[in-house]
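Trainee: What follows is a single structure, and I will ask about it in a moment.
Laboratory data are not the source of any read-out in this text; all were calculated from the coordinates shown. Given the structure is predicted, the values throughout are model-derived calculations rather than measurements. Here the Cβ positions follow ideal geometry from the backbone for every residue, glycine too, while neighbour counts run over all protein chains shown.
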Amino acid sequence: MPKIVTNGNRASLLVPNRRQGRLVSLWLLSLLAAFGLLGLTACKNSEAEKAALRAADIADCNRLMSLHAWYHAAMQNDVELEKIWSKRPDVIWAQQSGYWKGMDHIRQYYGQKATADTTTGGYVWHTITSGVVEIAADRQTAKGVWYTPGLGGKIPNEGKPNAGWMWEKYGVDFVREDGQWKVWHMKVYTDWAAPLGGTIGDQGGMGGPPPSDNKKGSGKGAPPQGQGAPQGAPQIQGGKEKIGTGEVTAANGGQQQQQQQGAPGQPNWDYYYKTPYQGWAKGVSPRLVPRPPEPYKTFSETWSYADENE
């Protein structure tokens, strides 16, 4: 552009020659390109950082499930609850027909410290396979599903050894606490369980220490095997129960369910599912249960694996 210069009382126009104009244009273009490159680099770095954090979060969730399998195999459910579970008051451990809510109940029925007399000769071996994990955009929660073929049993001091297959699935919600991922809600879905050499379809499931020598019961800390919710029992204890992101109310305040609690062979669930999970059986078509997680921004936008009919 022309420039006005003064020389004493005289003003004149200084017009750059063509070469100078081209140099100025090239300098401006270079400056703009440099700013654009810096912006693109910053954007790429931000996306790369997000991808790296997401990969690390997924690895952490898979690690928690592997630790669950190792603690469970060592019959140290109490250690598992202390090491990898959330300290929130609304933690949940669920199975086919219902769940326990709160660490006190989970510890009482699933996480009691095992003793030598209940664990000697016993084994519970589960593998963790086919994981699908989704991290919330806000990185405060995560969700995942896994398949878990397993084998469990006991060689008693007297009597015959017993052993059985368990083919099960996990649906798990995770929560971030103090910068660390923790188990928040865990549901176990049993597709089928059967004794070695027996018939597939004898429903069972995983619990605490292995089955006791008494064929009618389970070891201390293990939920009863193959039991659904009591017939006619209301589905809520205490009148109202918060399940993940949903709330359900019982008309009679849970009185009938309290009468059912403690019945022989029944888990003392805090919540009984209206529709227990149906594993493999004659006449039952395969279903996508639990649902693999889908991308979500924050937990209020999605479901919990502890929800009714999730």
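Trainee: Filter the stretch 171-187 for residues that are surrounded by fewer than 22 Cβ atoms within 10 Å (Cβ to Cβ) and part of a strand (DSSP E or B) and give the result.
Mentor: 175, 176, 177, 180, 182
Trainee: Same structure, new question: Considering (1) under 21 Å from the mean Cα position of the chain (by Cα); (2) surrounded by fewer than 16 Cβ atoms within 10 Å (Cβ to Cβ), say which one residue 150 fails and leave the rest.
Mentor: (2) is the only condition that residue 150 fails.
Trainee: Filter the stretch 52-87 for residues that are surrounded by fewer than 20 Cβ atoms within 10 Å (Cβ to Cβ), among the acidic types (Asp, Glu) and in contact with a strand residue (DSSP E or B) (Cβ under 9 Å, 6 or more places away or on another chain) and give the result.
Mentor: Matches in the stretch 52-87: 57, 60.
Trainee: Within the stretch 88-120, track down each residue that is touching a strand residue (DSSP E or B) at 6+ places or on another chain (Cβ under 9 Å), of a type in the set (S, T, N, Q) and either part of a strand (DSSP E or B) or surrounded by fewer than 16 Cβ atoms within 10 Å (Cβ to Cβ) (or both).
Mentor: 108, 120
Trainee: Let me ask something additional. Over 27 Å from residue 291 (Cβ atoms), among the hydroxyl-bearing types (Ser, Thr, Tyr) and not in a loop (DSSP other than H, G, I, E, B): is that true of residue 147 in this structure?
Mentor: no
Trainee: For the stretch 292-307: of the residues being in contact (Cβ under 8 Å) with a residue 24 or more places away in the chain and loosely packed, with under 15 Cβ neighbours inside 10 Å, which is farthest from residue 58 (Cα to Cα)?
Mentor: Ranking the candidates gives 300 first.
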